[in-house]
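Data first, discussion second: the structure below is written as structure tokens.
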Amino acid sequence: MAQRALPKEMEEKMQKAKDMKPEDMLFTYKGVLYPSLLCKPENFKAMERFEAREDDILLVAYPKCGFNWMSHVLKKISDAAHVKRDETAQFTFLEFADPEKLQDLSKLPSQRIMGTHVHPKDIPASFFEKKTKVLVIFRNPKDTAVSYFHFYNKNPALPAFDSWDKFFSQYMSGEVMLGSYFDHAVAWEKHIDSDTVKIITYEDMIENLTEGIQQVAKFFSLTLSDEQVQAIAQESTFETMKNKSKETHGQMGNVIFRKGGVGDWKNHFSEEQSKELDAKFEQCLAGTKIGAKLKYEVHCK
Ligand SMILES: Nc1ncnc2c1ncn2[C@@H]1O[C@H](COP(=O)(O)OS(=O)(=O)O)[C@@H](OP(=O)(O)O)[C@H]1O
């Protein structure tokens, strides 16, 4: 099945963004910035009451950690394993769904696949109570910052930054959309040993995509042949996804599928900025399992 095209609604919103003033593009809810064009404060109240099901799937990623990649892989896996899933729910972002849309989602048949960029504390509690499987993709904080900087500057719905230095300072203080990378990472540490939460890193997927696909399939108790795994890997490379991105993501294709890979931070960070982030990582994540999973020494030094 082809990946779903960017909904018409989203294309219309992007058109609307062109008339927005930069200062109106984000709003703050409980101390965190969200995109005005996609979210409303009332969405969060409705999310608190959302009823997850045991057989739902929730894909979670801090912005720019590889959500679109993993959602594509997950769909390919579920197609290959003939999972019967509801196409309407497909990767609806919980925080972008207004209360009526969330209500509609609650009426849909299983299996629903949903997505979110929010901090784990803002994920509806029912996902954890029902022991719904939650797949999280994480990426090293330096490449995430670079990807986020370019996303802000290329996305017509976000206020552009004059300079990398300005963006870096806001990223470090958590004054970016969806909040602080470090707050998210620290919070996932609490779930890392859960049988129903699987954290995979972007870098491990880059290093061995077939292994990543196998791990995801295993987490959802799906069996794939070696040929199926190889076929999914071929369809999920950066080049393949970027080449199809106009078809799959409309005008957002070039914004999302930028460069891919590991280490672009070296082309952006000053020595001082690199040291500042090293110190922050040490302060927040030294000795944690999530910190070890991110292989900071390998990817960020
Ligand atoms: N197939 C594949 N392989 C490798 N890398 C990939 C792939 N697909 C997407 N990407 C890269 O993921 C980055 C976008 O992350 P997200 O999809 O999480 O962005 S978003 O927050 O949902 O907008 C963004 O990273 P950067 O290129 O570094 O900006 C994308 O290029």
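The values are calculated or read from the model by the stated rules, or taken from the named source; none is laboratory data. Because the structure is predicted, anything quoted here is derived from the model rather than measured. Note that we place each Cβ from the backbone using ideal geometry, even for glycine, and neighbour counts take in every protein chain shown.
A few remarks follow.
- Under the condition of being assigned to a loop (DSSP other than H, G, I, E, B) and under 23 Å from PHE167 (Cβ atoms), the residues counted in segment 243-273 number 10.
- Top-ranked residue in segment 236-271 [being modelled with pLDDT of 95 or more, more than 10 Å from the ligand (Cβ to nearest atom) and among the polar types (S, T, N, Q); ranked as surrounded by the fewest Cβ atoms within 10 Å (Cβ to Cβ)]: ASN267
- Matching residues in segment 199-230 - criterion: being within 13 Å of the ligand (Cβ to nearest atom) and assigned to a strand (DSSP E or B): ILE200, THR201
- Cβ pairs under 8 Å, 6+ apart, first in segment 1-18 and closer than 21 Å to LYS244 by Cα and among the charged types (D, E, K, R), second modelled with pLDDT of 60 or more and not in a loop (DSSP other than H, G, I, E, B): ARG4/THR248; GLU11/GLY250; GLU11/GLN251
- Evaluation of ALA233 against (1) in a helix (DSSP H, G or I); (2) more than 30 Å from SER163 (Cβ to Cβ); (3) away from the ligand (no atom under 13 Å from the Cβ) (one fails), failing number: (3)
- Identity of the residue in segment 284-301, over 19 Å from ILE192 (Cα atoms) and part of a helix (DSSP H, G or I), that ends up farthest from the ligand (Cβ to nearest atom): GLU297
- Here the strands (runs of 3 or more DSSP E) wholly within segment 51-142 that include at least 1 residues being more than 11 Å from the ligand (Cβ to nearest atom) and under 21 Å from TYR29 (Cβ atoms) are 57-60, 113-116.
- Taking first residues from segment 149-176 that are under 17 Å from HIS117 (Cα atoms) and in contact (Cβ under 8 Å) with a residue 12 or more places away in the chain and partners that are outside any loop (DSSP other than H, G, I, E, B) and among the polar types (S, T, N, Q), the Cβ contacts under 7 Å between residues at least 6 apart in sequence or on separate chains come to VAL176/GLN170.
- Qualifying residue in segment 181-189 (condition: assigned to a helix (DSSP H, G or I), more than 21 Å from VAL134 (Cβ to Cβ) and of a type in the set (Val, Ile, Thr)): no
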